[in-house]
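Visitor: So that we are looking at the same thing, I have put the structure below in structure tokens.
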Amino acid sequence: MAAYTADRDVEVCDDVPELSDSDDEQWQSMEEGSEHMSIPCVLCDRTLTSVSETFQHCKADHGVDLPELVQKHRLDDYGYIKMINYIRTTRCSAESLLMVSGPLPWNSDEFMKPALPDDPLLQLDLEEFSEAEAVTLSPSAGDNTAVLLQRARQAEDRAQRAEEALARAMEDLHKLKLLAQGLVLNADTSRGPSSSGAIAELREDEDEAYFSSYGHYSIHEEMLKDKVRTESYRDFMYHNMDVFKDKVVLDVGCGTGILSMFAAKAGARKVIAVDQSDVIYQAMDIVRSNKLEDTITLIKGRIEEIDLPVEKVDIIISEWMGYFLLFESMLDSVLFARDRYLAEGGLVYPDRCSISLAAVGDTQKHNERIAFWDDVYGFKMTCMKKAVVPEAVVEVLKPETVISEPAVIKTIDCGTVSVSDLDFTVDFTLKIRVNTFCTAIVGYFDIFFDESCGNKVMFSTAPDCTKTHWKQTVFLLQSPISVQTGEDLLGQITVHKNRKDPRALLITLTLAGQKQTYSLQ
């Protein structure tokens, strides 16, 4: 890293010891040893003996000029470190590296962690290396004036990059301030709306944070390891190949591209995969690794903001479901794609979904989370209930705690539903099965691949089914309700988007005289 110093008074010490002959010899041996280092190439398995040789090898054998990439993307020291660690971590191809434009896929702090211990490429001082290269390559290397001019130009470039980094930091600070304002606004939903401009900008920042979260690989690993989810999509496509044969398919929110590859293997003539998060760079490598690049085209961007290379598609597939089905509001994007790109008679999968509720009787869990605040080490903290109860809980519910028959409160036909239909109020009835106390209401959803399918596929996120990464959504009651076997527990539920964060949900439950609004965010 470059060191910056300021003028200051310096006290010179006269008793600094001089280096002995043995010290000189040790230093010289260290210098000589550095000339025989072992550096694995970032793009293949070859091992090189110097930084310069590594850079020359990457340029000659892979067509990737690393110093040129640094200049192209105007990387500072941190940007260079992140790039090297990104290449080593993801083992991306030279082609994908050269295609990078717009948001940089390595622009995340996770790539500050060295992918290779004691990596010599990370110990390089970019400024010194650039200056040394300039002197070596200059046709008039002996001309001190030319060297000084070259260094002056490099210093100007570094200063400009520093100014740009400062501007980015100021922009990030501004976004944090807006986010803080949003937290204050969300703390009291009874207040009137703030200025529309501030809220619009806050929503844009929150949207960026949403897509950024899907750039983390752990999320995609969790979803891919969810066998109920992934195998249901696979079986639906592989067992209904006649639906996909020679069709043009659009995958909205493709992630790693697994659904796109299922569609390609199922016989689709062309698959267009769209995703705004940076994981699409890995999807490009994955598609190429599986030799499906002639069938699958990947596009980075929001489906609402890009133009597809075709006018219409025959099928839209997407894994858009969130907690309680509608959390994250990704279905809105699928419906936009349907209305703009789906050909007449085209299909959307999954084509049908439903949300169900059931009563829960778990006094132990209620005591742990709600009654707990009545006596905390001898102190009353009852006021905390007002903060705890409104938070919907996403967890795996014990099936034996369900005390009623389920009630379907919403069925969605993805081929005809409109965005406005996703905000709704309905009455429901829960048939109680045991004499106990109702301590909560649980919500879950079912997904169906039915239309035009000779082999229909469905899966459920109900408590008595195999666990999925969606788990269940639990709404704890502030006060348990006494219920009897055979009783009809009547209620009403209202579901709508949070005005200040459209990807979040506000859910109001009215049950036996109790009314409570819950947030899912």
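Visitor: Using 0.36 nm per residue, how much length does the chain from residue 391 to residue 450 gain when fully extended, once their Cα-Cα distance is taken away?
Guide: Numbers: separation 59, 0.36 × 59 = 21.24 nm, distance 3.45 nm.
My answer for the length gained is 17.8 nm.
Visitor: By count of other Cβ within 10 Å, fewest leading, how are 470, 106 ordered? Let's see the in-between values first.
Guide: On the way: 470 21, 106 25.
Ascending Cβ contact count within 10 Å gives the list 470, 106.
Visitor: Okay, next question. How high is the FRET efficiency from residue 380 to residue 521, r the C-beta distance, R0 35 Å, rounded to 0.05? Could the numbers behind the result be given before it?
Guide: Values: r = 29 Å, r/R0 = 0.82.
The formula returns an efficiency of 0.75 here.
Visitor: Which residues does the label zone of residue 458 cover in segment 332-360, counting backbone N under 15 Å from a point 7 Å along Cα→Cβ?
Guide: Only 350-357 fall inside the zone, counting backbone N under 15 Å.
Visitor: If you don't mind, there's one more thing I want to ask. What does the charge count around residue 406 come to, taking other residues whose C-beta lies under 12 Å from its C-beta (Lys +1, Arg +1, Asp -1, Glu -1)? All intermediate terms of the calculation are to be shown ahead of the outcome.
Guide: On the way: positive: 431, 433; negative: 405, 446, 464.
Every neighbour counted, the sum reads -1.
Visitor: What spacing in nm lies between the two simple spin-label points modelled at residue 302 and residue 469, each 7 Å away from Cα in the Cβ direction?
Guide: Between residue 302 and residue 469, the label points sit 2.3 nm apart.
Visitor: For residue 368 and residue 241, what is the calculated FRET efficiency with R₀ set at 51 Å and r taken between the beta-carbons, to the nearest 0.05? Mind showing how you got there, number by number?
Guide: Values: r = 50 Å, r/R0 = 0.97.
My answer for the efficiency is 0.55.
Visitor: Between segment 345-374 and segment 394-417, how many Å separate their Cα centres?
Guide: With segment 345-374 and segment 394-417 each reduced to a Cα centre, they are spaced 7 Å.
Visitor: What is the sum of charges around residue 371, taking Lys and Arg as +1, Asp and Glu as -1, for the other residues whose C-beta is under 11 Å from the C-beta of residue 371?
Guide: Numbers: positive: 365, 369, 385; negative: 368, 374, 375.
Neighbourhood net charge equals 0.
Each value in this text was obtained by applying a stated rule to the coordinates, not by laboratory testing. Keep in mind it's a predicted model, so treat the numbers as computed, not measured. Quick reminder, even Gly has a Cβ in these numbers, built from the backbone with ideal geometry, and neighbours come from all protein chains shown.
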